[in-house]
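Here is the structure we will look at.
No value in this document is a laboratory result; all are computed from the given coordinates. This structure is a prediction, so every number in the text was calculated from the model and none was measured. Because the Cβ atoms are built from the backbone with ideal geometry, glycine has one as well, and the counts that use them run over all protein chains shown.
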Amino acid sequence: MSEGIHGPIVACVPNFSEGVDEACVRAIVSAMRVEGVRLLDWSMDSDHNRSVVTIAGAPALVLESAIRGVGKASELIDLTRQTGVHPRIGAADVIPFVPVSKVSLDQCALLARQAGAEIWRRFGIPVYFYEAAAARPDRANLEDVRRGQFEKLREIARRETSRRPDIGGPALHATAGACAVGARKFLVAYNIYFDSTDVSLVRAIAKELRASSGGLHGVKALGVLAHGRAQLTMNVTDLKTTPVSKVYAQVCRLAAKHKADPVEAEIIGLLPQIAYEQDSEWMRLLDGFDPETKVLERRLDAPLAWPEDQ
């Protein structure tokens, strides 16, 4: 798989707390350019005020690329002036390492630990480890790490030992907050829009759908207003147990109870091959989905050009 990359391949999917200022996001992505690292995708969401970047390559090179992105984000993003509907604790909010080929999840967890130490050493940004890289069981779930978001966490972390960062701190960086660094398997970031502005509708569906409320295993869900419509925003984290087709079917059942219909959907970032269900009902709802550019394993052989910092 993937011409020109020999040996282990790791992906990293940094999420940055800026989705409006394209020049800012372009500068961050440009700063991540490292010889041998492939840029697979980058996208911005103005309503969530968030951008997502996907890179892949040899572990050491991807590590350096991700760290550079954190540094540039800390220069350009001031969380005391930033707002958005998506939960966040940092300018570079989450940095997950994902095994692609010839590398294990445990090895990615070690990579995450190295990244965290280097982020603190270079930039003075404290780090929380999550999922497979978690240093404590109560930090395995990202939502627990981000509880209270930047505004509350910066106060709580000073007072409560249990909420202090794993590396650095106890105070958060004044403007860049903290960074959650982790290791995880592939997930699908999946949004469904409804022909409605009723946020209570999608919040009710999200509550019944997400695993933490007794819904589907491996599903995280929130209901928000995005692009002027009610949006169900989800992460599907266990694709073998809970494929996206199963999630979509359950969303349709729950929506029917509320006399609502999904009208459009989107994938944020890339879709792993394991999740690609050609001609499925849920994929027909995707707007302009092109497997050659949106399936990660295919994108490896046709990466994007790195943007220039303008």
Legend entry - Dipole magnitude of the chain, debye to nearest 20 (Cβ charges: Lys/Arg +1, Asp/Glu -1, about Cα centre): 1200 debye
Inset, instruction - Using θ = phi - 60° and the Karplus relation 6.51 cos²θ - 1.76 cosθ + 1.60, list the HN-Hα couplings for the stretch 270-284 in order, rounded to whole Hz, with x at every Gly or Pro. - result: 10, 10, x, 4, 4, 9, 7, 10, 4, 6, 6, 4, 5, 6, 5
Legend entry - Whole-angstrom gap from the stretch 97-166 to the stretch 257-294, using each part's C-alpha centre: 30 Å
Inset, instruction - Taking H placed 1.01 Å from N in the peptide plane, check which residues at least 5 places from Ala230 or on another chain put their amide H under 5 Å from its amide H. - result: Phe194, Ser196, Thr197, Asp198
Inset, instruction - Read phi for every residue in the stretch 199-208 and hand back ³J(HN,Hα) as whole Hz from Karplus 6.51 cos²θ - 1.76 cosθ + 1.60, θ = phi - 60°, with x for Gly and Pro. - result: 5, 4, 4, 6, 5, 5, 5, 4, 4, 6
Legend entry - In the stretch 35-89, the GluC sites (Glu not before Pro) that fall in loop regions by DSSP, at most 13 other Cβ within 10 Å: Glu35
Inset, instruction - Work out how much length Phe289 to Asp261 would gain on full extension: take 0.36 nm times their residue separation and subtract the Cα-Cα distance, in nm to one decimal. - result: 8.0 nm
Inset, instruction - Return the inverse of the average 1/r over all pairs of distinct C-alpha atoms in the stretch 173-274, which is the Kirkwood hydrodynamic radius, in Å to one decimal. - result: 14.3 Å
Inset, instruction - Stick to the Cα atoms of the stretch 241-301, pair each with every other, and give me the Kirkwood hydrodynamic radius in Å at one decimal. - result: 12.6 Å
Legend entry - Largest-first principal axis extents of the Cα set of the chain (Å): 53, 50, 39
Legend entry - the stretch 40-92: radius of gyration and largest Cα-Cα distance (Dmax), Å: 12.4, 36
Inset, instruction - For the stretch 145-160, take each phi angle, set θ = phi - 60°, evaluate the Karplus expression 6.51 cos²θ - 1.76 cosθ + 1.60, and give the result in whole Hz per residue in order, putting x for glycine and proline. - result: 5, 8, 4, x, 6, 3, 4, 8, 5, 5, 7, 5, 4, 6, 8, 10
Inset, instruction - Could you rank the peptides 273-286, 141-154 by their average count of other C-beta atoms within 10 Å per residue, with the highest value first? - result: 141-154, 273-286
Inset, instruction - Just list whichever of Lys185/Lys246; Lys72/Lys152; Lys207/Lys257; Lys259/Lys294 have alpha carbons separated by over 22 Å in the model shown. - result: Lys72/Lys152; Lys259/Lys294
Inset, instruction - Determine one quarter of the surface area of the Cα convex hull of the stretch 1-134, which equals its mean projected area, and express it in nm² to one decimal. - result: 7.7 nm²
Inset, instruction - Can you pull the one-decimal nm distance between simple spin-label points at Gln149 and His217, each 7 Å off the Cα toward Cβ? - result: 3.3 nm
Inset, instruction - Take the alpha carbon atoms of the stretch 132-199, find their radius of gyration, then divide it by 2.2 N^0.38 Å using N residues; give the quotient. - result: 1.40
Legend entry - Radius of gyration and Dmax over the Cα atoms of the stretch 67-134, both given in Å: 13.2, 42
Inset, instruction - Report the extension gain between Asp198 and Val20 in nm, rounded to one decimal, defined as 0.36 nm multiplied by the number of residues separating them, less their alpha carbon distance. - result: 61.7 nm
Inset, instruction - Could you sort 6-18, 212-224 so that the peptide with the highest average Cβ count within 10 Å comes first and the rest follow in order? - result: 6-18, 212-224
Inset, instruction - Which order do the peptides 192-204, 167-179 take when ranked by the mean count of other beta-carbon atoms within 10 Å per residue, highest first? - result: 167-179, 192-204
